[in-house]
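Take a look at the structure below.
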Amino acid sequence: MKIKILLTLTFATAVFSLSAQNKRNVTPAATLPRPKLMVGLVVDQMRWDYLYRYYDRYQVGGFKRMLNEGFTCENTLIPYIPTVTAIGHSSIYTGSVPAIHGIAGNDFIIQATGKSMYCTDDSTVNAVGSDSKAGKMSPRNLLVSTVTDELRLATNFRSKVIGIALKDRGGILPAGHAANAAYWFDDANGAWISSTYYMTELPVWVKTFNATKPAEKYLKQDWNTLYPVNTYVQSAPDNSPRYEGKFSGADAPTFPIKTSELYKGKAGMIRSTPYGNSMTLDLAKAAIENEKLGAGTVTDFLAVSLSSTDYVGHQFGPNSVEAEDTYLRLDKDLAAFFTYLDGKLGKGNYTVFLSADHGAAHNPNFLIDHNIPAGVWKSSDVLTRLNKLLEDKYKVKGMVLNLDNYQVNFNNAAIRKENLNTDVLKFDCIQFLQQEPQIAYAVDMQRVQAATIPDELRTRIQNGYNAERSGAIQIVLKPGWFSGGQTGTTHGTWNPYDAHIPLVFMGWGIKHGSLTRETHMTDIAPTVAQLLHIQAPNGNIGTAIGEVLK
Ligand SMILES: [Zn+2]
């Protein structure tokens, strides 16, 4: 009896306190709260500091809106090398690294055969919307699930997932294996295409979009600066031929850029102009309209990569008026895109994250002119001399296939045939490479733990090393040095300019604030998974950034 009274009392208290709580703020939702739409934005080659380098000239509604309404993780680093596009997009969406997800470069060597593989090559599929080789692409080389795959799995494939980017790898890898579609741009016919991996025919809305000849429409407008050229005070003089590459057919790397005359029917020129990003966001809006993304009962996911920033950066370098103008225009486009999403889905009903696949170095000539150590490493010369040395000793020609991804890719078939001792061979290579003045370290991938290098490098080398797809020795150049051309820039190293990326979240479920503790590119997917209450991708090694989430 006593127990019964006690139980009744306890129950009454529990009910009372629960209802008191309900009155405060906890109304249990009938359905699981989630955003209507998740939008992933990867800005190709956007260094973290670009959020601030051009901050004063950004509009209210673009990058500034993300920073002022959303949550920024200010110290987000890439935890592997090489820092290139395919790996960046894969790692953002899988929370994983090349050692596990298998995308070991934009191109990588299948070590068993010595054959080169492009990250999204798939000989078993064909283009849809074109008959060119540009459509023989799929995510099959990616060995793990993406957060977009996990959303599809979590909702029994009721969520729609679409990937969009000028670059095939920027659209395909983020959208994952189970995507409804990925679209990318084919220079051959100046149209957005897909592959038979996803579909047999382009949807009518994509055909309609292509029929407007979107690239030509933009290129015919020419590329002038948004503001008077002399107001671009964050950049070197417009005519800096020592630092900038120029368009083919142009006299100088200067504005106005007469794209209407220079493109000569080659729609692919749009890639190296800010219009490539504008056109990508146009297609993203068309996808939201026509696929009714965010209009259903479950969360949809639109993965967009903005590739033109990378093409412009490679050609003109980070200190060019062209790069500055490209970011000012992207900012304007993003502001318009967010306003569109507000109108379509309602402000606060969608979540956006913005990050980058890698950053970029300064142009070496620009640094040299300012007395900062830098230079272009001539990898082909080194390869020739290395092969000569090995040939003299082992009497075998071409023992190193290439030094791509700053790795020694051996001709393993020849080594097996000659029954050579790979340990001795690697030792010879490392001895040679370490005498090169531009090389800081040459590390045997199988003995990374024993190498006398900072732990930060050790982790990045191990994470980047996929035994089946990476070279046997990692080369780490001195800061400021890269393998590439004299003008423009490139990326691929561990250094902050390549590896420190922006990471900003905004919208449904996101707090306002900022974080300075170290976070990683691999934390993005698990954070999104946490937000959506879905499983992290199956190769995930990242950690959800709890500070971001409400
Ligand atoms: Zn990239």
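Please treat every number below as a calculation from the coordinates, not as lab data. On a predicted model such as this, the values are computed, not experimentally measured, just so you know. Note: ideal-geometry Cβ built from the backbone for every residue, glycine included; neighbour counts use all protein chains shown.
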Task: ³J(HN,Hα) computed for each position of segment 485-491 - Karplus, 6.51 cos²θ - 1.76 cosθ + 1.60, integer Hz, glycine/proline x - done: x, 6, 9, x, 8, 8, 7
Open item on the list: If amide hydrogens are placed 1.01 Å from N in the peptide plane, which non-local residues have theirs closer than 5 Å to the one on Leu503?
Closed with: Cys73
Task: Rounded to 5, percent antiparallel among DSSP beta bridges of the chain - done: 50 percent
Task: Cα-based shape type of segment 249-310, given that a ≥ b ≥ c are square roots of the gyration tensor eigenvalues and the cut on a/c is 1.5 - done: prolate
Task: Using θ = phi - 60° and Karplus 6.51 cos²θ - 1.76 cosθ + 1.60, couplings along segment 125-133 (whole Hz; Gly, Pro as x) - done: 10, 10, 5, 10, x, 5, 10, 8, 5
Task: Exposure proxy ranking, count of Cβ atoms within 10 Å, fewest first, for His500, His370, His89, His520 - done: His370, His500, His520, His89
Task: Ranked list, fewest to most other Cβ atoms within 10 Å of each Cβ, for Ile473, Ile110 - done: Ile110, Ile473
- [ ] Can you put Asp149, Asp44, Asp222 in order of Cβ neighbours within 10 angstrom, beginning with the fewest?
- [x] Asp222, Asp149, Asp44
Open item on the list: Sort 487-498, 53-64 by the packing proxy (mean of other Cβ within 10 Å over each peptide's residues), most packed first.
Closed with: 487-498, 53-64
TODO: Let me have the 222 nm mean residue ellipticity of the chain computed from DSSP H runs of 4+ only, each contributing -39500 (n - 2.57), with the sum over all residues rounded to the nearest 500.
DONE: -10500 deg cm²/dmol
Task: Part-to-part distance (alpha-carbon centres) for segment 66-137 and segment 451-517, which is given in Å - done: 14 Å
Task: segment 243-249 - phi-based ³J(HN,Hα) in whole Hz, Karplus 6.51/-1.76/1.60, Gly and Pro as x - done: 10, 10, x, 10, 5, 5, x
Open item on the list: Over segment 259-393, how many pairs of lysines fall under 30 Å by alpha carbon, counting only those 8 or more apart in sequence or from different chains?
Closed with: 14
Task: Gyration tensor (alpha-carbon) shape descriptor, segment 384-497, a/c threshold 1.5 - done: prolate
Open item on the list: For Trp481, what residues show an amide H to amide H distance below 5 Å, using hydrogens built from the backbone and excluding near sequence neighbours?
Closed with: Gly375
Task: Cα gyration tensor, segment 54-140 - rounded (a/c under 1.5), prolate or oblate - done: oblate
Open item on the list: Among Pro364, Asn319, Leu354, whose Cα projects farthest towards the positive end of the dipole of segment 308-369, with charges put on the beta-carbon of Lys, Arg (+1) and Asp, Glu (-1)?
Closed with: Leu354
